[in-house]
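Take a look at the structure below.
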Ligand code: SF4
């Protein structure tokens, strides 16, 4: 293809002028490159942030392998170009291209965006525009690829409904095969693009927004959501992979330093703890564990195939893995054999015992991360993370006794029913932890505290609550900054406006599509990047569309309000979430549901047993 050669020539001439040319050249060790003409279906896996951030994404790595393992298909990758390359492409009218073959994106049959969070939305629009693909779904024709999107942000797809042809809701491993079968079949029969999208909509877990009509009340809340294309499919049922496949690590070795420069192995999906603010914990239910044997086998082969010297075991709650002690012991042996570092993010105090600490001791003494989330026992009950203060201190003492010198603590502010006493509680808790650490490790101890703002998310018990208002949050930040300054403890705070934008988009509806478009048109991109984020652009876009953002952020919802995402069925019933919200108002906690099922809906909706999850089965 002449255009590919032109892109290669363009890169030869210009790569030297951009930061980190390694972002755009591809050709990484273990890259898969197939002959374009030898396969029928061509997929571009797109991540709407730069290579450095998107490269480690495990979902993309998984799909890359599944698709390329098929004889009839190929998958190539593309990441958002950074501002310098973006300008270069635009100024020279060069289309965005895939890393592997440098093929312009518009020649692929399918573009699959992975969108983990909402502040990437404008980058999706920007990548479509750079690819010379119409941004609005309704403007695409038979010559354009089908644009699909998945990832956590898709669980409320409505703000992006106008730009994405079809959303994948839930796990991607099985449905991607079905999507490729449909597309291949349709290509053979030369079926028109819109008909292909219609056929995709019959797959479980596929949401085609153009098939749905949303009616509003006068007060702008939703009256009802209906499927005008097929009366059979009212709600979209999330896809779940009942038994996790052998974990595939990202076997590509990055060209440049990336954010998580290590082999990541998924050991568990889902979480049974029921923290009321946590969207991932609800939408990824039920808990499924990877078999112990498969984890060590995958780890060994990934280390041998990549030569990367650091391994991370991924899950929402690593210490809840049912064979955690054996797992750490196996991983520690492998670490010795291959001289590896390994990290265990997402450890929980409730399930983190001395045995686990003893298995890790001597292997690694990096940061130890603990997430109490709230400063008082009362507030931790409201959010259903009921870790008694004393248990936190005891864990810290034990960790320090074993030689850890760096502890990182995560908190959130803006929870419902939060008072200044809870905010003071954060400071007091940190002071005591700092005291324990310094006393035990004689001044070598360092404490870092990260404070975030609660962003109420769809499909959680807190989907009914308001995002805390500006005055309140600033007052709490100011108090914390002043008090922490006296202690010497290092803290970090988010940008209020960035949190506000995420809050707006995460519970938004279809009326926000035009706002996203207008903001992008007016230069919004890389909104998750402090140096690029411009809130004024968003304010202008909201104003020109006569949209009051507080309707989405600052308004507590009525119990019976129809939400924009109500037709997306995660398997967890809305009644359960409401009950949980009501329990939170009474500070009532619930137990880890692996021991006692709370009937959230997953078991009945999916006909499976998940209360006693053990390796390899649910
Ligand atoms: S069905 Fe029961 S055990 Fe399964 S996730 Fe829901 S509450 Fe937990």
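Once every DSSP H run of n ≥ 4 in the chain is given -39500 (n - 2.57) and the sum is divided by its residues, what mean residue ellipticity at 222 nm do you get, rounded to the nearest 500 deg cm²/dmol? Working shown, then result.
Working: 21 runs with 223 residues, N = 618.
Taken over the chain, the calculation gives -11000 deg cm²/dmol.
Listed from fewest to most Cβ neighbours within 10 Å, the set 509, 69 follows the order 69, 509. May I ask for log10 I(q)/I(0) of the chain at q = 0.07 Å⁻¹, from a Debye sum over the Cα atoms as equal point scatterers with solvent left out? For the requested q values the scattering log ratios are -0.44.
Mind running the shape call on the range 11-141? Use the C-alpha gyration tensor, a ≥ b ≥ c as the square roots of the eigenvalues: rounded below 1.5 for a/c, prolate if a/b tops b/c, oblate otherwise. In terms of gyration-tensor shape, rounded. Relative to the dominant Cα principal axis of the chain, helix 292-306 is inclined by about 60°. The coefficient of translational diffusion for the range 484-607, derived via Stokes-Einstein from the alpha carbon Kirkwood radius under 10 °C and 1.306 mPa s, stands at 88 µm²/s.
Percent relative contact order of the range 102-230, based on C-alpha pairs within less than 8 angstrom and at least six residues apart? Numbers along the way, then the final one.
Numbers: 164 pairs, mean separation 26.1, N = 129.
Computed value for the range 102-230: 20 percent relative contact order.
For a footprinting-style exposure proxy, rank 538, 82 by other Cβ within 10 Å, fewest first.
Working: 538 24, 82 20.
So the residues, fewest neighbours to most, are 82, 538.
Compared with the dominant Cα axis of the chain, that is its longest principal axis, helix 574-585 is turned about 30°. Each Cα pair under 8 Å and six or more residues apart adds its separation to the average, and for the chain the resulting relative contact order is 15 percent.
Between the Cα long axis of helix 470-487 and the first principal axis of the chain there is an angle of about 50°, rounded to the nearest 10.
Just want the ordering: 79, 107, from fewest to most Cβ atoms lying within 10 Å of their own Cβ.
With the fewest neighbours first, 79, 107 line up as 107, 79.
Coordinate-derived values only; no laboratory data. Predicted model only: the values in this text are computed from it and were never measured. A quick note on method: Cβ atoms are made from the backbone with ideal geometry, for glycine too, and the neighbour counts reach across all protein chains shown.
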